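Heads up, the thing below is written out as structure tokens.
The values are calculated or read from the model by the stated rules, or taken from the named source; none is laboratory data. Predicted model, so just to flag it, every value in this text is computed and none were measured. Note that we place each Cβ from the backbone using ideal geometry, even for glycine, and neighbour counts take in every protein chain shown. Side chains are part of the model used for accessible areas, which takes the heavy atoms of the whole protein and leaves out ligands, DNA and RNA. Shrake-Rupley method; radii C 1.70, N 1.55, O 1.52, S 1.80 Å.
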Amino acid sequence: MQVRHVIGLMLFLAAVPLQMYLMKYNQNFKDLTLEIVKNLQDGLLQLSNFVAGYVWVAKNYLHSTYEYLGLSESLEDDSIEDQEIPENSIRNFRPPHLEFRIGNVILMHTMIPGIVVGWNIDITDLTKEPEYLVLTEFHEKMMKIDQDKIIIQLENIKINHKDINKYFESFDGVKYIPNKFLKKMYPKD
């Protein structure tokens, strides 16, 4: 072990007792520590707002640069319908123990409704629980959830999510109608 590692370990081990000593016998240090802890939440909120603002400025800068270069249509095209689907990703089969279909609105064990966007199953072992890809109102990204974590299929419930139009054409009152991309990927659903 190198000398710097030993010194670092000794400083680390001495830090907690030193803080306890200072808090016990030094009122100013105790007040400073309390103030830091009380203001921590506000400080983190200000930091997150600053970072979000910085990201927004960077995004707008990149968007204006793409516009200037004539590449802005590539940024606005969120459609996945024209993407080529690899043959090994197409689900030309539907195992009988799959309970839910693409476009079904479901209620998860966390009492959050969602839309089934896809499913995955281990082809080598069909006894394993299927896994569904789900969009919910409360999560920006798609979630993976096991079939046993889904309580029930819901009807007449519409879900609001920014990516719904990427995967579905419309809502018929009972379920979401998949777009061409999902119909190609899950032809048996």
Fill in: Within straight-line cross-link reach of residue 158, lysines at Cα separation under 17 Å, skipping those fewer than 8 residues along the same chain
166, 175
Worksheet entry | Packing-based ranking, highest mean first, of 97-105, 179-187 given that Cβ atoms within 10 Å are counted | 97-105, 179-187
Discussion item. Once neighbouring chains are kept in place and the probe is 1.4 Å, which whole percent of the accessible area of the range 91-189 is contributed by carbon and sulfur?
Written reply: 51 percent
Worksheet item: When the C-alpha atoms of the range 112-159 are aligned to their principal axes, what extent does each axis show, in angstrom, from largest down?
Response: 35, 22, 14
Worksheet entry | Label-point gap, in nm, between residue 101 and residue 16 - each point 7 angstrom along Cα→Cβ | 5.9 nm
Worksheet item: Which value in nm describes the separation of the simple spin-label points at residue 127 and residue 188, placed 7 Å from the Cα toward the beta carbon?
Response: 2.0 nm
Worksheet item: Along the range 155-160, what does the Karplus equation 6.51 cos²θ - 1.76 cosθ + 1.60 (θ = phi - 60°) give for ³J(HN,Hα), rounded to whole Hz, x for Gly and Pro?
Response: 10, 6, 10, 9, 9, 9
Worksheet item: Quick one: length gained pulling residue 5 to residue 151 fully straight, 0.36 nm per residue minus the C-alpha distance?
Response: 47.3 nm
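What is the sum of charges around residue 173, taking Lys and Arg as +1, Asp and Glu as -1, for the other residues whose C-beta is under 10 Å from the C-beta of residue 173?
Values: positive: 158, 175; negative: 155, 172.
Neighbourhood net charge equals 0.
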Worksheet item: Amide H of residue 177: which non-local residues (sequence gap of 5 or more, or other chain) have their own amide H closer than 5 Å, using H built in the peptide plane?
Response: 169, 170, 171, 172
